[in-house]
Amino acid sequence: MISAKGICKSFADKEVLSGIDLDIKPGKIFGLLGPSGAGKTTLIRIITGQLGFDSGEVRVFAKPVNELTGDDKKKIGIMMDDHGVYDRLSCTDNLKIFADIYGVPYSEIGKALKETGLADSAKKPAMKLSKGMRARLQLARVFMVRPKILFLDEPTSGLDPLTMN
(Lines give C-alpha, C1' and ligand atoms only; values in the text may rest on other atoms or scores of the structure.)
Protein backbone atom coordinates (compact mmCIF):
# COMPACT_ATOMS: atom_id res chain seq x y z
CA MET A 1 0.00 0.00 0.00
CA ILE A 2 2.84 2.44 0.89
CA SER A 3 6.49 1.90 0.14
CA ALA A 4 9.41 4.27 0.30
CA LYS A 5 13.02 3.57 -0.53
CA GLY A 6 15.93 5.86 0.16
CA ILE A 7 13.87 9.03 0.66
CA CYS A 8 16.04 12.09 1.16
CA LYS A 9 14.85 15.65 1.60
CA SER A 10 16.72 18.85 2.38
CA PHE A 11 15.56 22.41 2.89
CA ALA A 12 18.35 24.75 1.79
CA ASP A 13 21.45 23.28 3.43
CA LYS A 14 19.59 21.35 6.17
CA GLU A 15 19.05 17.63 5.56
CA VAL A 16 15.69 16.68 7.08
CA LEU A 17 15.28 13.11 5.81
CA SER A 18 18.14 10.78 4.89
CA GLY A 19 17.59 7.34 3.37
CA ILE A 20 14.11 6.62 4.76
CA ASP A 21 12.75 3.17 3.89
CA LEU A 22 9.15 2.07 4.62
CA ASP A 23 6.95 -0.82 3.60
CA ILE A 24 3.44 -0.56 5.01
CA LYS A 25 0.98 -3.26 4.03
CA PRO A 26 -2.82 -2.83 3.87
CA GLY A 27 -4.57 -3.06 7.24
CA LYS A 28 -1.46 -2.12 9.24
CA ILE A 29 -1.11 0.72 11.72
CA PHE A 30 2.21 2.50 11.50
CA GLY A 31 3.44 5.26 13.78
CA LEU A 32 6.13 7.84 13.16
CA LEU A 33 7.71 8.76 16.46
CA GLY A 34 10.33 11.37 17.12
CA PRO A 35 10.96 14.78 18.57
CA SER A 36 9.71 18.01 17.07
CA GLY A 37 11.62 18.78 13.90
CA ALA A 38 12.54 15.15 13.20
CA GLY A 39 10.82 15.19 9.78
CA LYS A 40 7.59 13.30 10.54
CA THR A 41 5.30 15.86 8.91
CA THR A 42 7.73 16.28 6.03
CA LEU A 43 7.58 12.53 5.36
CA ILE A 44 3.77 12.53 5.50
CA ARG A 45 3.67 15.40 3.01
CA ILE A 46 6.03 13.53 0.69
CA ILE A 47 4.02 10.29 0.87
CA THR A 48 0.76 12.15 0.19
CA GLY A 49 2.23 14.00 -2.79
CA GLN A 50 2.10 17.45 -1.19
CA LEU A 51 5.87 17.89 -1.17
CA GLY A 52 8.63 16.81 -3.51
CA PHE A 53 11.74 14.98 -2.38
CA ASP A 54 15.36 15.06 -3.44
CA SER A 55 15.96 11.37 -4.07
CA GLY A 56 14.47 7.95 -3.54
CA GLU A 57 11.19 6.39 -4.52
CA VAL A 58 7.70 6.59 -2.99
CA ARG A 59 4.84 4.38 -4.10
CA VAL A 60 1.24 4.55 -2.88
CA PHE A 61 -1.34 2.07 -4.16
CA ALA A 62 1.56 0.53 -6.14
CA LYS A 63 2.00 3.79 -8.13
CA PRO A 64 4.77 6.35 -7.96
CA VAL A 65 3.42 9.13 -5.74
CA ASN A 66 3.78 11.71 -8.52
CA GLU A 67 1.45 9.60 -10.73
CA LEU A 68 -1.46 9.45 -8.28
CA THR A 69 -4.73 10.53 -9.87
CA GLY A 70 -7.44 12.61 -8.27
CA ASP A 71 -9.40 9.41 -7.60
CA ASP A 72 -6.33 7.90 -5.89
CA LYS A 73 -5.94 10.99 -3.71
CA LYS A 74 -9.60 10.77 -2.66
CA LYS A 75 -8.67 7.44 -1.03
CA ILE A 76 -6.16 9.18 1.25
CA GLY A 77 -7.40 10.89 4.40
CA ILE A 78 -5.18 13.48 6.05
CA MET A 79 -5.67 15.22 9.39
CA MET A 80 -2.97 17.82 9.92
CA ASP A 81 -2.83 20.53 12.56
CA ASP A 82 -5.86 22.86 12.54
CA HIS A 83 -6.45 23.10 8.80
CA GLY A 84 -9.84 22.96 7.15
CA VAL A 85 -12.10 24.12 9.97
CA TYR A 86 -14.28 27.08 9.12
CA ASP A 87 -14.95 28.96 12.37
CA ARG A 88 -18.30 30.52 11.50
CA LEU A 89 -19.82 27.34 10.12
CA SER A 90 -21.49 24.66 12.21
CA CYS A 91 -19.95 21.22 12.51
CA THR A 92 -22.49 19.91 10.01
CA ASP A 93 -21.88 22.75 7.53
CA ASN A 94 -18.11 22.25 7.81
CA LEU A 95 -18.59 18.61 6.87
CA LYS A 96 -21.01 19.45 4.04
CA ILE A 97 -18.23 21.37 2.28
CA PHE A 98 -15.96 18.34 2.31
CA ALA A 99 -18.82 15.98 1.44
CA ASP A 100 -19.38 18.08 -1.69
CA ILE A 101 -15.68 18.12 -2.57
CA TYR A 102 -15.28 14.36 -2.14
CA GLY A 103 -18.69 13.36 -3.52
CA VAL A 104 -19.75 11.85 -0.19
CA PRO A 105 -23.48 11.59 0.59
CA TYR A 106 -24.68 13.88 3.37
CA SER A 107 -25.90 10.79 5.22
CA GLU A 108 -22.24 10.14 6.15
CA ILE A 109 -22.07 13.43 8.07
CA GLY A 110 -24.24 12.27 10.95
CA LYS A 111 -22.33 8.98 11.15
CA ALA A 112 -18.99 10.78 11.30
CA LEU A 113 -20.22 13.21 13.98
CA LYS A 114 -21.52 10.30 16.05
CA GLU A 115 -18.27 8.32 15.65
CA THR A 116 -16.29 11.28 16.97
CA GLY A 117 -18.64 12.18 19.81
CA LEU A 118 -19.86 15.39 18.18
CA ALA A 119 -23.46 14.46 17.41
CA ASP A 120 -24.74 16.80 20.15
CA SER A 121 -22.65 19.66 18.71
CA ALA A 122 -23.77 19.27 15.09
CA LYS A 123 -25.31 22.77 14.94
CA LYS A 124 -22.62 24.48 17.02
CA PRO A 125 -20.30 26.89 15.15
CA ALA A 126 -16.70 25.63 15.06
CA MET A 127 -15.51 28.83 16.80
CA LYS A 128 -17.42 27.73 19.90
CA LEU A 129 -15.71 24.33 20.06
CA SER A 130 -12.84 23.58 22.41
CA LYS A 131 -9.50 22.72 20.86
CA GLY A 132 -10.17 19.03 21.45
CA MET A 133 -13.62 19.23 19.87
CA ARG A 134 -12.11 21.00 16.84
CA ALA A 135 -9.65 18.11 16.53
CA ARG A 136 -12.58 15.70 16.64
CA LEU A 137 -14.31 17.73 13.90
CA GLN A 138 -11.23 17.31 11.74
CA LEU A 139 -11.27 13.60 12.51
CA ALA A 140 -14.95 13.44 11.55
CA ARG A 141 -14.04 15.04 8.21
CA VAL A 142 -11.46 12.33 7.59
CA PHE A 143 -13.72 9.48 8.74
CA MET A 144 -16.57 10.73 6.57
CA VAL A 145 -14.73 9.96 3.33
CA ARG A 146 -13.83 6.40 4.47
CA PRO A 147 -10.25 6.56 3.14
CA LYS A 148 -8.13 3.50 2.34
CA ILE A 149 -5.11 5.23 3.90
CA LEU A 150 -5.36 7.55 6.87
CA PHE A 151 -2.65 9.97 8.02
CA LEU A 152 -3.03 11.57 11.42
CA ASP A 153 -0.40 14.22 12.16
CA GLU A 154 -0.41 15.08 15.88
CA PRO A 155 -3.85 13.47 16.30
CA THR A 156 -4.01 13.83 20.08
CA SER A 157 -2.88 17.45 20.22
CA GLY A 158 -5.38 19.35 22.35
CA LEU A 159 -7.43 16.33 23.29
CA ASP A 160 -8.33 15.71 26.90
CA PRO A 161 -6.66 12.44 27.97
CA LEU A 162 -9.89 11.36 29.67
CA THR A 163 -11.81 11.53 26.36
CA MET A 164 -9.20 9.79 24.20
CA ASN A 165 -10.78 6.32 24.16
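The values are calculated or read from the model by the stated rules, or taken from the named source; none is laboratory data. Quick caveat: nothing in here was measured; it's all calculated off a predicted structure. Positions of Cβ are backbone-derived with ideal geometry, glycine not excepted, and every protein chain shown enters the neighbour counts. Protein only, heavy atoms only, side chains kept; ligands, DNA and RNA dropped before computing areas. Shrake-Rupley method; radii C 1.70, N 1.55, O 1.52, S 1.80 Å.
Taken over the stretch 1-138, the convex hull of the Cα atoms encloses 138 Å³ per residue.
The share of accessible area on the stretch 1-46 that comes from carbon and sulfur is 54 percent, using a 1.4 angstrom probe. Please check the chain for the longest run free of chymotrypsin sites (Phe, Trp or Tyr not before Pro) that are loop-located per DSSP (anything but H, G, I, E, B) and have at most 13 other Cβ atoms within 10 Å. Counting at most 13 other Cβ atoms within 10 Å as exposed, the longest clean stretch of the chain is 107-165. Here the contact order of the chain, divided by its residue count and restricted to Cα pairs under 8 Å and six or more residues apart, works out to 22 percent. Accessible area per residue for the chain is 59 Å², calculated with a 1.4 Å probe on protein heavy atoms, without ligands, DNA or RNA. When the charge dipole of the stretch 1-124 is built from unit charges on Cβ atoms (+1 for Lys and Arg, -1 for Asp and Glu) and taken about the Cα centre, the candidate among Met80, Ala122, Ile97 whose Cα reaches farthest toward its positive end is Ala122. The length gained on full extension between Ile24 and Glu67, counted as 0.36 nm times the residue separation minus their Cα-Cα distance, comes to 13.6 nm.
The apolar share of the surface of the stretch 80-131, taken as the fraction of accessible area on carbon and sulfur atoms (1.4 Å probe, ligands and nucleic acids excluded), comes to 52 percent. Wrap a convex hull around the Cα atoms of the stretch 12-69, take a quarter of its surface area, and give that in square nanometres. For the stretch 12-69, the mean projected area of the Cα convex hull comes to 4.7 nm². With the helix formula -39500 (n - 2.57) applied to DSSP H stretches of n ≥ 4, the chain reaches a computed 222 nm mean residue ellipticity of -8000 deg cm²/dmol.
Comparing Arg45, Arg134, Arg88 in a Gaussian network model of the chain (Cα springs below 10 Å), the most mobile by mean-square fluctuation is Arg88. Among Gly37, Gly84, Gly110, the largest mean-square fluctuation in a Gaussian network model of the chain (Cα springs under 10 Å) belongs to Gly37.
How big is the antiparallel share of DSSP beta bridges in the chain, given as a percent to the nearest 5? Approximately 75 percent, going by the DSSP bridge assignments.
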